[in-house]
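Participant: Have a look at this one before I ask anything.
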Amino acid sequence: MKKKYYITTPVYYVNSKPHIGHSYTQIACDTLARFIKQLGRDEVFFMTGTDEHGEKIEKAAVESGLKEGQEQKFVDGIVPVFKDLWTKLNIKYDYFIRTTDDYHIKTVQNFLDRLYRQGKIYKKLYKGWFCTPCETFWTSTQSPDGICPDCKRPLEKLDESNYFLKTSEHQKWLIDYIDKNPDFIQPDFRKNEILGFLKNEELMDLCITRPKSRMSWGIEVPFDKDYVTYVWFDALINYVSGAGYPHDMERFSKTWPAEVHVIGKDIIRHHAVFWPIMLRSLEIELPKSIYAHGWWVIKGEKMSKSKGNVIDPIDIISRFGVDPFRYFLLREVQFGSDGAFSEEALVARYNSDLANDIGNLLSRSLTMAEKYFDGHVPDVSNINIVNTRAEEIKARAIRSVSEMEKLIPKLDFTTALANIWEVIALANKFIEDSKPWVMAKEGRRDELALVIYTLLEALRIVSIEVYSIMPETSEKMLAQLGMDKADGLNLANAKIWGSLPKGMKVNKSQSLFPRILVKPQ
């Protein structure tokens with residue numbers, strides 16, 4: 001029954017505006033979704049959204065000047081900020097879910113009710129630590145000093161009755177499942193991290209409610225009106241409620257399971273431990289994979305509002321452009337590892353890779369086509385010259401497409417881009433070594449035609465390959481090469497050397513990436 005290729009981001013917490021960490025996840029998922037469509041699969045379902053319940057939202061609403069009970073007004077004001085940023089970053093999601101949506105609330109209550117009727121939820125007195133900023137419970141063993149192991153803030157001591165999901169009984173099953181499905185948690189070192197936790201620590205049953213007397217901003221528990229749902233239990237269910245469960249089971253059967261949940265490394269335990277157990281408890285199939293990427297750090301520290309080192313993506317793209325920002329995040333560091341963000345690094349990558357390499361190659365190639373062939377793609381159909389350097393570029397360009405087909409679905413953007421830039425480097429060196437201006441001066445017309453055609457055809461393939469990462473750049477390149485994007489973006493077209501029509505008029509325009517000469521602010 002399944003037809004859709006389902007990709008998700010986390011639902012982002014709306015207690016403050018988004019930063020580049022949120023952008024990183026979005027750009028990665030958008031790139032994957034665009035790429036899968038380039039492979040010819042139109043039925044991609046890319047879902048993102050916002051997480052709008054919990055104690056942090058309650059506090060943020062009050063701190064913003066709203067009265068108690070006006071949390072909905074607060075989140076209604078923050079959500080458009082996220083949507084506006086995704087528009088500015090050229091993120092083409094298929095569906096936006098909010099955890100305050102009526103159908104999601106009903107799905108969470110359906111989950112709770114079914115689990116409760118099956119005896120998988122019980123009530124007991126909870127005594128232990130709780131971290132409000134992380135929305136996470138900790139045992140005394142995990143935090144003997146009362147400090148959150150994650151955010152290093154002081155924990156709150158709780159002593160209250162709550163409802164718990166029986167998770168501990170699934171510990172052995174989950175270990176076996178992860179061992180038997182090596183691609184379930186990625187990258188491998190994150191899988192090993194989760195296995196280390198499961199094999200060395202006793203899994204505690206999950207507290208899934210809050211008493212209304214302490215916190216009222218949440219989804220009401222259907223079998224006990226004095227409680228609301230724990231925000232993480234609520235948020236995780238978005239992946240199935242947004243796919244149609246249980247209100248549209250026909251759509252759900254065509255969409256679920258998700259091919260990949262892309263998340264930040266700080267929330268991997270919720271996704272790789274509690275979420276699989278929640279699904280198994282109701283006999284729902286598990287997602288195919290969970291991929292946890294790293295953090296962007298500033299001067300060695302994780303970005304956080306409290307430290308005052310949060311980078312505003314709007315500011316970055318207003319000064320450097322959307323595509324350079326997208327390119328930098330996916331090229332600078334291996335997806336899955338932490339990366340150091342600085343404007344100096346962004347400018348260096350911009351000037352080197354974008355201005356000097358791809359931008360310069362396009363400009364020089366089109367200039368020579370205009371100068372030597374009156375702005376047309378030369379006809380090489382009857383030229384029998386063998387140019388080993390041209391053949392090398394042809395082979396490397398075609399091979400880079402096949403490599404990309406394997407790498408992008410694995411979220412290995414860095415290697416895929418490095419392979420594309422090998423083609424660009426070969427083409428730039430081809431100009432220097434071949435010296436087309438000398439060929440023109442000496443009247444070696446056929447050799448010159450082969451060189452210019454090789455450069456333009458390599459650029460056509462590169463323009464298709466960079467589309468998922470830099471969509472605007474790709475479309476500008478295709479337009480300057482004289483091609484309609486509707487005809488050229490399918491990746492299958494990049495595998496066929498010689499697809500650039502002879503005689504086509506090229507349309508050289510302004511530079512793709514004008515070199516940045518001033519120092520970053």
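The values are calculated or read from the model by the stated rules, or taken from the named source; none is laboratory data. Bear in mind that the values here come from a model prediction, so they are computed numbers and not experimental data. We place every Cβ from the backbone using ideal geometry, glycine too, and count neighbours over all the protein chains shown.
Participant: What tally of residues in the stretch 113-134 results from selecting those that are exposed (fewer than 15 other Cβ atoms within 10 Å of the Cβ) and touching a strand residue (DSSP E or B) at 6+ places or on another chain (Cβ under 8 Å)?
Facilitator: 5
Participant: Continuing with the same structure: Could you please give the count of residues in the stretch 148-170 that are modelled with pLDDT of 90 or more, surrounded by fewer than 17 Cβ atoms within 10 Å (Cβ to Cβ) and not charged (D, E, K, R)?
Facilitator: The total comes to 2.
Participant: How do the pairs read when you match residues in the stretch 362-386 that are within 17 Å of Pro501 (Cβ to Cβ) with residues anywhere that are in a helix (DSSP H, G or I) and among the acidic types (Asp, Glu), using Cβ under 7 Å and keeping only pairs 6 or more apart or on different chains?
Facilitator: The qualifying pairs are Ile383/Asp446.
Participant: Would you pick out the residues in the stretch 37-60 that are crowded, with 21+ Cβ neighbours inside 10 Å and among the β-branched types (Val, Ile, Thr)?
Facilitator: Within the stretch 37-60, Thr48, Thr50, Ile57 meet the criteria.
Participant: Residue pairs, Cβ under 7 Å, 6 or more apart or interchain, first in the stretch 393-411 and without any contact (Cβ under 8 Å) to a residue 24 or more places away in the chain, second of a type in the set (S, T, N, Q). List them.
Facilitator: Glu403/Asn419; Leu407/Thr415
Participant: Looking at the structure I just gave you, is Ile431 out of contact with any strand residue (DSSP E or B) (no Cβ under 9 Å at 6 or more places or on another chain), β-branched (Val, Ile, Thr) and crowded, with 22+ Cβ neighbours inside 10 Å?
Facilitator: No.
Participant: Restricting to the stretch 388-445, give me the number of residues that are part of a helix (DSSP H, G or I) and either at pLDDT below 95 or more than 21 Å from Gly40 (Cα to Cα) (or both).
Facilitator: 35
Participant: Which one of Leu125, Leu174, Leu115 is in contact with a Ser or Thr (Cβ under 8 Å, 6 or more places away or on another chain) and assigned to a helix (DSSP H, G or I)?
Facilitator: Residue meeting the stated conditions: Leu115.
Participant: Residues being under 15 Å from Leu459 (Cβ atoms), surrounded by 19 or more Cβ atoms within 10 Å (Cβ to Cβ) and among the hydrophobic types (A, V, I, L, M, F, W, C): count how many of those fall in the stretch 381-420.
Facilitator: 5
Participant: In the stretch 189-211, is there at least one residue being part of a loop (DSSP other than H, G, I, E, B) and in contact with a His (Cβ under 7 Å, 6 or more places away or on another chain)?
Facilitator: Checking the stretch 189-211: not a single residue is part of a loop (DSSP other than H, G, I, E, B) and in contact with a His (Cβ under 7 Å, 6 or more places away or on another chain).
Participant: With β-branched (Val, Ile, Thr), outside any loop (DSSP other than H, G, I, E, B) and either out of contact with any Ser or Thr (no Cβ under 8 Å at 6 or more places or on another chain) or at pLDDT below 95 (or both) as the only criterion, which of Ile277, Ile267 stands out?
Facilitator: Ile267
So that you can scan it fast, the table gives a plain yes or no per residue for (1) closer than 18 Å to Ile7 by Cα; (2) without any contact (Cβ under 8 Å) to a residue 24 or more places away in the chain:
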| position | (1), (2) |
| --- | --- |
| Phe252 | yes, yes |
| His261 | yes, no |
| Ile268 | yes, no |
| Ser281 | no, no |
| Lys288 | yes, no |
| Ile316 | no, no |
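Participant: What number of residues within the stretch 1-59 are among the aliphatic types (A, V, I, L, M) and either farther than 24 Å from Asp101 by Cβ or without any contact (Cβ under 8 Å) to a residue 24 or more places away in the chain (or both)?
Facilitator: Qualifying residue count for the region: 7.
Participant: Closer than 30 Å to Asp224 by Cα, within 21 Å of the chain's Cα centre (by Cα) and not aromatic (Phe, Trp, Tyr) - does that describe any residue in the stretch 34-49?
Facilitator: Looking for residues that are closer than 30 Å to Asp224 by Cα, within 21 Å of the chain's Cα centre (by Cα) and not aromatic (Phe, Trp, Tyr), one finds at least one in the stretch 34-49, hence yes.
Participant: Taking into account only those residues within the stretch 452-508 that are touching a Gly at 6+ places or on another chain (Cβ under 7 Å) and in a loop (DSSP other than H, G, I, E, B), which is surrounded by the fewest Cβ atoms within 10 Å (Cβ to Cβ)?
Facilitator: Per the stated criteria, the residue is Asn507.
Participant: Which one is farthest from Cys151 (Cα to Cα), of the residues in the stretch 305-339 that are surrounded by 15 or more Cβ atoms within 10 Å (Cβ to Cβ) and of a type in the set (S, T, N, Q)?
Facilitator: Gln334
Participant: Continuing with this model, one more query. If I filter the stretch 212-224 for residues that are in contact with an Asp or Glu (Cβ under 6 Å, 6 or more places away or on another chain), over 19 Å from Ile97 (Cα atoms), outside any helix (DSSP H, G or I) and not charged (D, E, K, R), do I get at least one hit? Talk me through it step by step, then tell me what you get.
Facilitator: Here is the first cut: in the stretch 212-224, the residues in contact with an Asp or Glu (Cβ under 6 Å, 6 or more places away or on another chain) are 212, 215, 217, 219, 222.
Those left that are additionally over 19 Å from Ile97 (Cα atoms): 212, 215, 222.
So of that shortlist, the ones also outside any helix (DSSP H, G or I) come out as 212, 215, 222.
Applying the additional criterion that residues be not charged (D, E, K, R) yields 215, 222.
Within the stretch 212-224, one or more residues are in contact with an Asp or Glu (Cβ under 6 Å, 6 or more places away or on another chain), over 19 Å from Ile97 (Cα atoms), outside any helix (DSSP H, G or I) and not charged (D, E, K, R).
Residue-by-condition table, conditions (1) crowded, with 16+ Cβ neighbours inside 10 Å; (2) closer than 19 Å to Lys120 by Cβ; (3) of a type outside the set (Asp, Glu):
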| site | (1), (2), (3) |
| --- | --- |
| Asn181 | no, no, yes |
| Lys199 | no, no, yes |
| Phe223 | no, yes, yes |
| Val231 | yes, no, yes |
| Leu236 | yes, yes, yes |
| Gly244 | yes, no, yes |
| Gly264 | yes, no, yes |
